[in-house]
Amino acid sequence: VQLQASGGGLVQAGGSLRLSCAASGLSFSRYVVGWFRQDPGKEREFVGTISWTGSTTDYADSVKGRFTISRDNAKNTVYLQMNSLRPDDTAGYYCAGRPYGTLRRGPSDYVYWGQGTQVTVSS
């Protein structure tokens, strides 16, 4: 089982990025997928999550209205569209999978983790 996040980069404040989380070795359609971010030396922070059908999402207050999670189960991929980026959005971004179940915000609720992708927002 492997999750791979991609799409990070350097962007100016106010700009946009779209991250992708591609899964292999499992049927992603059966998994709740969460996005988290982490700065070195800090705890991993919840960003948002999406149900396995894609019908329900939940976001941290800090990103609500700016970030949108979607999924394409046929492509085994989940996306994080990030708009109106701010310097405090700078972090490594990670995707994680949780089989079925309800949406959760805690990192410990997720079973599979991908390697992160770095997002840097300049002021």
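The values are calculated or read from the model by the stated rules, or taken from the named source; none is laboratory data. Keep in mind that this is a model prediction, so the values were computed, not measured. With ideal geometry, Cβ positions are generated from the backbone for all residues, glycine too; neighbour counts draw on all protein chains shown.
Could you tell me whether V119 is under 14 Å from Q4 (Cβ atoms) and either assigned to a loop (DSSP other than H, G, I, E, B) or of a type in the set (A, V, I, L, M) (or both)?
Details: under 14 Å from Q4 (Cβ atoms): no; either assigned to a loop (DSSP other than H, G, I, E, B) or of a type in the set (A, V, I, L, M) (or both): yes.
In short, no.
Considering only the stretch 75-83, I want to know if a residue exists there that is touching a Phe, Trp or Tyr at 6+ places or on another chain (Cβ under 6 Å), surrounded by fewer than 19 Cβ atoms within 10 Å (Cβ to Cβ) and either over 16 Å from G7 (Cβ atoms) or touching a residue at least 60 places away in the same chain (Cβ under 8 Å) (or both). If you could, list the steps in order and put the result at the bottom.
Applying the first criterion (touching a Phe, Trp or Tyr at 6+ places or on another chain (Cβ under 6 Å)) to the stretch 75-83 yields 76, 80, 82.
If we keep only those that are surrounded by fewer than 19 Cβ atoms within 10 Å (Cβ to Cβ) too, we end up with 76.
Filter once more, so that each one left must be either over 16 Å from G7 (Cβ atoms) or touching a residue at least 60 places away in the same chain (Cβ under 8 Å) (or both): none.
No, the conditions are met nowhere in the stretch 75-83.
Residues that are buried (at least 19 other Cβ atoms within 10 Å of the Cβ), in contact with a strand residue (DSSP E or B) (Cβ under 7 Å, 6 or more places away or on another chain) and modelled with pLDDT of 95 or more: find the strands (runs of 3 or more DSSP E) completely inside the stretch 1-63 holding 2 or more of those.
Values: elements: 2-6, 9-12, 17-24, 31-38, 45-50, 57-59.
Hits in the stretch 1-63: 17-24, 31-38, 45-50.
Could you tell me whether S20 is of a type outside the set (F, W, Y) and either within 14 Å of W113 (Cβ to Cβ) or under 11 Å from the mean Cα position of the chain (by Cα) (or both)? Step through it out loud before you land on a result.
On the way: of a type outside the set (F, W, Y): yes; either within 14 Å of W113 (Cβ to Cβ) or under 11 Å from the mean Cα position of the chain (by Cα) (or both): yes.
Yes; evaluated as a whole, the condition is true for this residue.
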